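Single-structure report; data block below.
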Amino acid sequence: MASRVYCTYFDHNYLSRGLALYHSLQRHMPGARLWVLCLSEACYRTLVALDLPDLVPRQLKDFETADPELAATRPHRSTIEYYFTCTPAWMLFVLQHEPDAEWVTYLDGDLFFYRSAEAIYRELENAAVAIIPHRYPPGLQRLRKFGTYNVGWVGARNDADGIAVIRWWRARCIEWCHDYVDGDRFADQGYLDAFPQFPRVRVVDNAGANLAPWNIGNYRIDFGDHGLLIDGVHPLIFFHFQGLRKGLRWFIFNSHRVYRAPFSRVVRERIYRPYVDELLAIEKAVGPILDVSETGPQRRSAVPDVRQALKSTLRNAAVRVFQVLDIATRRAFVVFRGVAY
């Protein structure tokens, strides 16, 4: 698996999610190396202390020293915009430090694997770059303004064609990378729409890759002898837990309601429950190690979180709503209750 190297980035606020991603990779693809750009010193110190096999942590300051042109954009961008700017540059950094890797693939920190990605790589036999569409259902086509493809998985073969695409992407992100739509541009994600104009770019067809709250409404999800199946055909490879959050202290919310997506018992018990259980176990294990003196949450969303400005008001309203909602209604959008995640 060392020929297929992965990279991601997160801070200490996202640590449990990043480690859940790492453990899911090791569970299903033993020996898969994961490079982590640590967006806070607390994150870096914790990962160094854990000393996990096949996990390679790097400090943000060292990465910036290696790419001063990227670092020069930091004063002109918000924190999240700067993180987005880093995505292709981080891929190039890892490509340069993994000369024997066949593929280097960027993964969002809130992905979780349920089986090996081998089926994806079978689609990529002659490809140099791999991207995955959002696969919005008909009712969400308005979200295409944020890009046809999702940055959750972007793979590049370690050859001239693959590196050329990522270099082009890095240059575009350094020119402009902001957390709003500007024509056909949006953060680091909108640029993926131009990828198919390059040679050997493959759009992954497998519906089991990057199942997410914004596209789950397209499919029937079943669980049986063959595990989790999408429309009875495609095994679930990895799920994108965008928008998962805790609130009201004892509740864990998903983002399915935002996308008017179903949240069946199978999805709750077979997709979300294993993930949240792992997050809780990781937080308990790393709690004594993690220095949480730093603040400032990290997020990556498929679309901008325009609700942040009303966060306090909505939280207070939610408290009142929960006082009158019955349990059946709550279960439509609450993953678990009675756990402090």
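Each reported figure results from applying straightforward, stated rules to the coordinates on display, with no laboratory input. Quick caveat: nothing in here was measured; it's all calculated off a predicted structure. Glycine also receives a Cβ, built like all others from the backbone with ideal geometry; neighbour counts cover every protein chain displayed.
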Pick out the one residue from Tyr14, Tyr44, Tyr9 that is touching a Ser or Thr at 6+ places or on another chain (Cβ under 9 Å) and either closer than 27 Å to Cys173 by Cα or buried (at least 19 other Cβ atoms within 10 Å of the Cβ) (or both).
Tyr9
State which residue pairs qualify: first residue over 10 Å from Ala128 (Cα atoms) and inside the stretch 156-171, second residue surrounded by 15 or more Cβ atoms within 10 Å (Cβ to Cβ) and of a type in the set (D, E, K, R) in any location, beta carbons under 8 Å apart, and separation of 6 or more residues or different chains.
Trp169/Asp188
What's the total number of residues in the stretch 222-266 that are touching a Leu at 6+ places or on another chain (Cβ under 9 Å) and among the β-branched types (Val, Ile, Thr)?
4
Residue among Asp188, Asp179 that is within 18 Å of Leu92 (Cα to Cα) and within 18 Å of the chain's Cα centre (by Cα):
Asp188
Among the residues of the stretch 278-292, count how many are small (Gly, Ala, Ser) and either exposed (fewer than 13 other Cβ atoms within 10 Å of the Cβ) or more than 12 Å from Leu19 (Cα to Cα) (or both).
1
Return the only residue of Leu19, Leu70 being closer than 18 Å to Met91 by Cα, hydrophobic (A, V, I, L, M, F, W, C) and part of a helix (DSSP H, G or I).
Leu70
Can you tell me which condition Lys61 does not meet? The list is (1) touching a residue at least 60 places away in the same chain (Cβ under 8 Å); (2) assigned to a helix (DSSP H, G or I), and all the others hold.
(1)
When only residues in the stretch 130-170 that are farther than 18 Å from Ala207 by Cα and part of a strand (DSSP E or B) count, which is nearest to the chain's Cα centre (by Cα)?
Ala156
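Give me a count of the residues in the stretch 119-129 that are surrounded by fewer than 22 Cβ atoms within 10 Å (Cβ to Cβ) and either without any contact (Cβ under 8 Å) to a residue 60 or more places away in the chain or part of a loop (DSSP other than H, G, I, E, B) (or both).
6
For every residue, the table says whether it meets (1) part of a helix (DSSP H, G or I); (2) without any contact (Cβ under 8 Å) to a residue 40 or more places away in the chain; (3) more than 28 Å from Phe63 (Cβ to Cβ); (4) not β-branched (Val, Ile, Thr).
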residue	(1), (2), (3), (4)
Leu92	yes, no, no, yes
Val104	no, no, no, no
Gly109	no, no, no, yes
Phe112	no, no, no, yes
